[in-house]
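A short worksheet on the structure shown next.
The values are calculated or read from the model by the stated rules, or taken from the named source; none is laboratory data. What you see is a predicted model, and the numbers here were worked out from it, not measured in a lab. Note that each Cβ is placed from the backbone with ideal geometry, even for glycine, and that neighbours are counted across all protein chains shown. In case anyone asks, the SASA skips ligands and DNA or RNA and just uses the protein heavy atoms, side chains included. Shrake-Rupley method; radii C 1.70, N 1.55, O 1.52, S 1.80 Å.
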Amino acid sequence: MKNLSFLRLSVWFYLAIFFAYLLGPLVIMSVTAFNSPGFPQATPWECLTFEWFSALFQDERILNGIKNSILVGAGTVVLSVAMGLAGALMLTQIWPKLRATYYTVIIAPILIPGVVIGISTLVFWDRINRMVGLGADSFLSNGLFLTIIGQSTFIASYCMLVLVARLQRYDMALTEAALDLGATHAQAFRKVLLPFMKPAIASAAVLAFLASFENYNTTTFTFGEYPTLTIELAQKVRYGITPAISALAFIIVVLTVFAALFNEATIRRRELVAAARKDATVEELESGRLRLPGFLSSNWAALGLVGVACFTIVIVGTATVYSPAQCIADVKEQKRLETEVRIQELRQRRAEEAAGRAAEEAESGGSEAGGATSEPTTSGGNNSGFGGVFDPNALGGDAATSEGEDESSAPAPATGGNSAFGGAFDPNALSGGSTSDGN
């Protein structure tokens, strides 16, 4: 029993870590959309604001990228689902010995890097455009067309895998029965096979749209004059990220959660209705007095959906009446005061350091004065190979002697001259001989 309890705790602990790792960045990024600083940050928290959503909806480039992404996604869904369904049907009809080879060929685009697919798509359709003799502004060179074709090349493989999984559960005897009853192949496909494949087609369409919406590698080489959302975001990040991108991420997360909960709530309601019909009596079914469960009864997904809808309404309502201007002004004033305190501390520290250096120089100067000898000093105390060329008094011709000393008692300069350059050109200067040999 203890081992079982420990196993359950371990599983819950693992799930907590897994979901924290998976969803933690999305939660933190969503929080930064409501913080007032110009750079996305969750801490320290300053002011609750909705200005980044306004900045997002006023950004023409982001809105244009969303529009292009939706257009590309719609075209990719139509083309990818059609090719995926054709590939799935072909896989079930082909000669069994060729199925492995055919499957490998169909799956190969998934293994090819998106950069290679993008470049090859651009080069291939450019050659086709030249062979046909069309101009540079033809539809074969259109960025929208090239992006849809390039993305559909590998997204169709994902769609085929989803459709094959559903098609393997299909009983081919249903199609044969429809043909025996006089239906044509088109009628059997439209009235028998297609309704059975409808859930898989819907799943493949959602997968294709999401894969197209977030694609970057292939789209980088094919978008032309139609940059998608991912292209616009990548270009914006190069010049500095703002919380407006966090606001976009929050909207996408909320829409995704809403759609997932709506789908789960619908499926759960169908199951509850089917269970109620199954347990109902014949009298209730015939009289039509069967009481079906409500949308919220025993449906946790529906409750979550209502919670997300209420949360969204509260956020929108708060954004219309709340103004963070006073809070932002208070934060700016607080930052200004903190900056002044730091500046004063820095000035005080520098003054203390300067006073300490002055005290050290005074002590060193006193010790040098007490231990001074009659030995003559060179210009500025510099014994480098340049002599007194950098002495401020060199231009006055007093570089060879010190102040207050009699000129007759001073030793002769090393160069024997009284030029303003001191002993800079003395051959012995490099050996440190800027003073007389007697010294």
| Filter segment 183-203 for residues that are in a helix (DSSP H, G or I) and in contact with a Lys or Arg (Cβ under 9 Å, 6 or more places away or on another chain); which is farthest from residue 156 (Cα to Cα)? | 196
| query | In this structure, does residue 225 turn out to be assigned to a helix (DSSP H, G or I) and either in contact with a strand residue (DSSP E or B) (Cβ under 7 Å, 6 or more places away or on another chain) or not hydroxyl-bearing (Ser, Thr, Tyr) (or both)? | reply | no
| said: Regarding segment 313-333, can at least one residue be identified that is open to solvent by less than 40 Å² (accessible area, probe 1.4 Å), assigned to a helix (DSSP H, G or I) and in contact with a Pro (Cβ under 6 Å, 6 or more places away or on another chain)? | reply: no
| request: Report yes if residue 224 is touching a Ser or Thr at 6+ places or on another chain (Cβ under 8 Å), of a type in the set (Gly, Ala, Ser) and modelled with pLDDT under 90, otherwise no. | output: yes
| request: Go through 88, 108, 55 for me and flag whichever is of a type in the set (A, V, I, L, M), closer than 30 Å to residue 172 by Cα, open to solvent by less than 50 Å² (accessible area, probe 1.4 Å) and touching a residue at least 60 places away in the same chain (Cβ under 8 Å). | output: 88
| message | Quick check on my filter: what residues within segment 246-274 are surrounded by 14 or more Cβ atoms within 10 Å (Cβ to Cβ) and among the small types (Gly, Ala, Ser)? | response | 246, 247, 249, 260, 265
| field | Filtered residue count, segment 231-240, keeping only those that are of a type in the set (Val, Ile, Thr) and open to solvent by 30 Å² or more (accessible area, probe 1.4 Å) | value | 1
| request: Could you tell me which residue of segment 111-121 is least open to solvent (accessible area, probe 1.4 Å), considering only residues that are hydrophobic (A, V, I, L, M, F, W, C) and touching a residue at least 60 places away in the same chain (Cβ under 8 Å)? | output: 117
| remark: Within segment 122-179, of all residues that are under 25 Å from residue 91 (Cβ atoms) and charged (D, E, K, R), the one surrounded by the most Cβ atoms within 10 Å (Cβ to Cβ) is 166
| message | Considering only segment 110-120, I want to know if a residue exists there that is part of a helix (DSSP H, G or I) and closer than 25 Å to residue 199 by Cβ. | response | yes
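Each row is one residue, and each column tells you yes or no for (1) farther than 15 Å from residue 236 by Cβ; (2) surrounded by 19 or more Cβ atoms within 10 Å (Cβ to Cβ); (3) aromatic (Phe, Trp, Tyr); (4) in contact with a Ser or Thr (Cβ under 7 Å, 6 or more places away or on another chain).
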residue	(1), (2), (3), (4)
28	yes, no, no, no
45	yes, no, yes, no
49	yes, yes, no, yes
60	no, no, no, no
63	no, no, no, no
77	yes, yes, no, no
| remark: Exactly one of 227, 243, 199 is buried (at least 20 other Cβ atoms within 10 Å of the Cβ), in contact (Cβ under 8 Å) with a residue 12 or more places away in the chain and under 30 Å from residue 117 (Cβ atoms), and that residue is 227
